[in-house]
Each structure stands twice: as C-alpha cells, then as structure tokens.
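Engineer: Have a look at this one.
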C-alpha cells in the first residue's frame, strides 16, 4: 500500500511518516493509524507555527507603532517649535518694517532727534533678532548632535555665553543676576546647560512685573552622579494647583501653537532636552512671590 | 470716528513706539496712552469709570505673555457692564485668519490689523474694513 504525503506537511514530519511507512514490521492498518497520528500531530505544529507568525506580526506592528509615535511626537515638537520661532521672528521683522517706514517719514521731515531715536530702536530690534536666530541654531542642534559635545564646563565661559544671549532682556530693566557655580571639573555639554539656563532666565525676566527689580539666582551644582541647575526668580509666580496652569500645559503641549500665548518655546524646549537626557524637572512657585525651577541631569547618561 | 482717548496694549516696547506714531498721524486729536503690561492697563482702566462715557479706542495685541488680548477682553467684559463705547482693534503678528475666526463673539471688536500697522490700514480698519 502506498501513501502520498500532502505537500505542505512539515519536512520533519514527512521524514517520520516516510520512516514509519517503510517499516516492514508494521501492518498496513498499523501504518495507517501511525500516519493519522502523525498528521494529527502536524496540526499542532501548524498551529504553533501560525501562532508564532501571528506573534511576530504583532511584535513588528507594535514596534512600528512605537516608531510611529516617536516620529509623531518629534513632528509635533517641530511644528510647535516652528510656530513659536516663526511668531517671534515675525514680530521682530514687523517692527523692523515699521521702523523703516517711520525712519523714511522723519528723514523727509528733517527731524534729526526722531531719526536718531528710530536708529537706536532699529539697533535694538536687530540685536534681538540675532539672539533669536542664534537660539534657533542652538535649539536645532539640540535636536541633533548636541548630546555628543561633552567637555569640562568652565564657569567663566558659561557665564559669558549666558550673558551674551540674555543681555538684551536686561537692558532696560533694573535687575540683579547672581551666579552660584560649583562645577568641580564637571564634564558635560555646555550647550545643554546654557540652553536650559538661558531659557529659564529669559522666562524669569519676562514674567517679572515691570515695576519690580528682577532678582534672579542661578545655581549650577555638580553632585556625585548628577548636575543640578536651579533658577530662582521673584517674578509673578504661578498657582501650581490650578489645573489650567498654562506653564504646565505647555509641557504637555502637542497641538500646534494654539496655547503658546507668548510663552515662546522656551519651557517646551527645556522639557525636550531634559527628556532626552533622562533628567527631571521640579517647579516650586508662589503667585506674586516667585518660582524656583530645579533641573537634575544624571551624569551616567554619558556612557550610553 | 473720533476718540478722546486711544489705549495701546502690547508687550513689546518697540511695537508701542511704532503704534504711537501711526495712531498720532491718523488720530491727531486723541490722547494716546501706552501699556507694556496688560495688568496695569486693566487696573487703570477699571479705576476710571467715566473713561467709557465717550468712545474709546483700544489697540490690543493678541499674543502677549501672561494674558492674551482675548483674556484681557474677557476680563473687561466681566468687570464692566456697558462696553458700548469700547472699540477694539486686535493686532496680531501672524495667523490673522485663525485669530479672527476665534473671536467673533466679542462685539466690541471693530477690526483686525496685522503688524506692522500703517497709516493706511489703520484708517481702513477704522472705516470698518479688515
């Protein structure tokens, strides 16, 4: 008696079936029983294999979803980042356009005093634009290569870099900016520290009422396994218990600029940088008294 | 339309400097009062109840820190019953259309202007065109 094996049978099974069929010690009936048993078994194999395939499909689609989510969040970030930046830049270009129109008018009128005033304003606006564009460059680096630029952080360099980018905000304000650095041979990215501090200091000055002298204390502390950045201000503060708190909603903001409301992209960018570097942020604030932002970045991330 | 007082609210001092100049060209007989801080504006505005006995113009920046222009209008609506004499022109740096769609509920808004404002487009806005 000859049995034809179905073509799809598992190769191993096929070999077993062939072996049992060629076993002369068995009767045809026994061969048939054995054959049916083996076919039965093969169903389990097929089932197992199908499950395996299904699981690997699930895994790859879950991976795809994860990658998709990452891309989506990166895209959202770039969207609101672009919106915030475009808004800031548009504001300054509008001022430049307006100032030029005004300058033409006063040149025609021969008003030297106004002409000089306008030129001073033009100077200020251009400088503000330059620092925005510089920030833009640094931040775009933050999304890319920035993480690899680690070296010993020098306090004078850090101070100078921060001052260069914040001085225009302080120009017309009564203020006190105190630095407290304990760097102890801190090996980290100066850019990351600078971007975080510049953004926190800028926010602090922006949210200090105009009739108040702005007092800002900046700390950079190098602990054993982490670097701690702390910025204390006496700005307007905020009610952290308020669920509508705008500063925090900005942290979770994904939809395009709708809630930006002049906060710029500062805190959002800080949050992104902290996340990338496995850090933490802690905010303490009292309405009308001030806020303290504390950021902790682990140093062991460097070895990754 | 003539206004005895024109209020300018914008967080950017250079923008205020520009707006003062344009407004004084278009409305040479109006007193122009500028605010860099919207809180100070609200405080002052609420303190002088007779301010709204005559038509008043407010050039209001939409995008400000702390409070947006719309937040400010909402606060005025809550505090003041009769806003008939308040005429507001919303000023924005970008996304003008989206801002307009969002704000049709404020009846005190008479127009919108995109920065930088000019003598001509302020005149147009005052005549009721966008």
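Engineer: Would you calculate, for chain B, the mean residue ellipticity at 222 nm contributed by helices, counting each DSSP H stretch of 4 or more residues as -39,500 (n - 2.57) and dividing by all residues, to the nearest 500?
Structural biologist: My calculation for chain B gives -11500 deg cm²/dmol from helical runs alone.
Engineer: On average over all directions, what projected area in square nanometres does the stretch A:148-229 have, based on the convex hull of its Cα atoms?
Structural biologist: Averaged projected area of the stretch A:148-229's Cα convex hull equals 5.3 nm².
Engineer: Also, I was wondering about something else. Could you rank the peptides A:40-48, A:53-61, A:220-228, B:6-14 by their average count of other C-beta atoms within 10 Å per residue, with the highest value first?
Structural biologist: Ranked by mean Cβ neighbours within 10 Å, highest first: B:6-14, A:220-228, A:40-48, A:53-61.
Engineer: How well do other chains shield peptide A:116-123, expressed as the mean number of their Cβ atoms within 10 Å of each residue Cβ?
Structural biologist: 1
Engineer: What is the mean number of Cβ atoms from other protein chains located within 10 Å of the Cβ atom of each residue in peptide A:150-160, rounded to a whole number?
Structural biologist: That works out to 0 on average.
Engineer: From zero up to wherever the largest Cα-Cα distance of the stretch A:11-65 sits, split into 5 Å bins and tell me the percent of pairs in each.
Structural biologist: Each 5 Å bin holds this share of Cα pairs: 5, 18, 19, 15, 10, 8, 8, 6, 5, 3, 2, 0.
Engineer: Please give the average number of partner chain Cβ atoms lying within 10 Å of the Cβ of each residue in A:95-102, rounded to a whole number.
Structural biologist: Per-residue shielding by partner chains comes out at 6.
Engineer: Give the share of C-alpha pairs in each 5 angstrom bin for chain B, from 0 to the last occupied bin, in whole percents, shortest bins first.
Structural biologist: For chain B, the binned pair fractions read 2, 11, 23, 27, 22, 13, 2, 0 percent.
Engineer: So what's the stretch A:19-120 giving for Cα Rg divided by 2.2 N^0.38 Å, two decimals?
Structural biologist: Against the compact-globule rule of thumb, the ratio is 3.12.
Values quoted throughout were computed directly from the atomic coordinates according to the rules given, and no laboratory measurement underlies them. Remember, it's a predicted structure, so these values are computed and weren't measured experimentally. Neighbour counts run over all protein chains shown; Cβ positions are idealised from the backbone, glycine included.
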